[in-house]
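The values are calculated or read from the model by the stated rules, or taken from the named source; none is laboratory data. This one's a predicted model, so the numbers in the text were calculated from it and none came from an experiment. Please note: Cβ atoms are built from the backbone with ideal geometry, for glycine as well, and neighbour counts cover all protein chains shown.
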Amino acid sequence: MEKEQFRSLMKPVMEAIAGRAVDQSLAEDLNRRFSPEGETFGAIEAACHEAIRDGWMCSQGGEGRRFGRVIEPGPETHDLSVDVVQLRDIVGPHHSHPAGEICMTMPVTPTAKFDGQGAGWCVNEPGSAHHPTVSEGEALVLYLLPGGKIEFTR
């Protein structure tokens with residue numbers, strides 16, 4: 001899986017998000033249009049696993065918490081960045097989302113949950129903050145950030 005192929009896979013999702021409010025109705029729409037049982041979700045999930053095996057995705061961090069930005073925000077991405085984290089039974093570092101965060105949860109362990117949710121899409125609205133938490137196993141979480149904005153608490 002090459003980076004440009006991955007960017008192409010993400011294009012329909014980015015187009016669906018473009019210009020939308022980052023709120024619960026967006027999460028509902030993404031879960032309807034790109035459900036965990038659907039072709040697009042499955043293709044993105046498979047691509048993430050392949051890219052991790054190839055070494056260019058989730059290349060930072062250590063055991064139980066690997067991460068990395070894979071797409072920078074820009075005009076061709078509708079100003080959305082894409083990061084992917086690989087987490088196993090962990091409470092991650094506290095951070096806030098100045099412009100919101102759109103998350104795609106891909107359980108590796110079937111029972112794994114991200115912030116209490118299994119496979120699918122969730123949205124953290126602008127101004128929200130949390131300790132990203134994966135429980136009951138391992139999950140990949142792909143998240144899109146408007147403007148690439150994230151603020152880690154020091």
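Name the strands (runs of 3 or more DSSP E) wholly inside segment 73-154 in which the number of residues that are closer than 21 Å to Q24 by Cα and under 11 Å from the mean Cα position of the chain (by Cα) is 1 or more.
Working: elements: 80-91, 95-97, 101-107, 120-124, 128-130, 133-146.
Of the strands (runs of 3 or more DSSP E) lying wholly inside segment 73-154, those with at least 1 residues that are closer than 21 Å to Q24 by Cα and under 11 Å from the mean Cα position of the chain (by Cα) span 80-91, 101-107, 120-124, 133-146.
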>> Looking at Q5 and the list (1) assigned to a helix (DSSP H, G or I); (2) over 15 Å from the mean Cα position of the chain (by Cα); (3) without any contact (Cβ under 8 Å) to a residue 24 or more places away in the chain, which single condition is not satisfied?
In response: (3)
> In segment 24-42, what count of residues is obtained for those that are touching a residue at least 24 places away in the same chain (Cβ under 8 Å) and surrounded by 14 or more Cβ atoms within 10 Å (Cβ to Cβ)?
Replying inline: 9
> Out of curiosity, is A129 surrounded by 21 or more Cβ atoms within 10 Å (Cβ to Cβ), under 28 Å from R32 (Cβ atoms) and of a type in the set (A, V, I, L, M)?
Replying inline: no
>> Of all residues being in a helix (DSSP H, G or I), more than 14 Å from the chain's Cα centre (by Cα) and acidic (D, E) in segment 8-49, which is farthest from C103 (Cα to Cα)? Just the residue, please.
In response: E39
> Can you find even one residue in segment 86-93 that is among the charged types (D, E, K, R), more than 26 Å from S128 (Cα to Cα) and without any contact (Cβ under 8 Å) to a residue 60 or more places away in the chain?
Replying inline: no
> Are any residues in segment 52-80 under 15 Å from Y143 (Cβ atoms) and charged (D, E, K, R), and if so, which ones?
Replying inline: R65, R66, R69, E72, D79
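Among the residues of segment 51-98, what is the count of those that are under 19 Å from D115 (Cα atoms), of a type in the set (G, A, S) and surrounded by 15 or more Cβ atoms within 10 Å (Cβ to Cβ)?
Here is the first cut: in segment 51-98, the residues under 19 Å from D115 (Cα atoms) are 64-67, 82-98.
Add one more test, that the residue is of a type in the set (G, A, S), and what stays is 64, 92, 96.
Still in the list and also surrounded by 15 or more Cβ atoms within 10 Å (Cβ to Cβ): 92, 96.
Of the residues in segment 51-98, 2 are under 19 Å from D115 (Cα atoms), of a type in the set (G, A, S) and surrounded by 15 or more Cβ atoms within 10 Å (Cβ to Cβ).
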>> It is to be established whether one or more residues within segment 82-95 are of a type in the set (G, A, S) and modelled with pLDDT of 95 or more.
In response: no
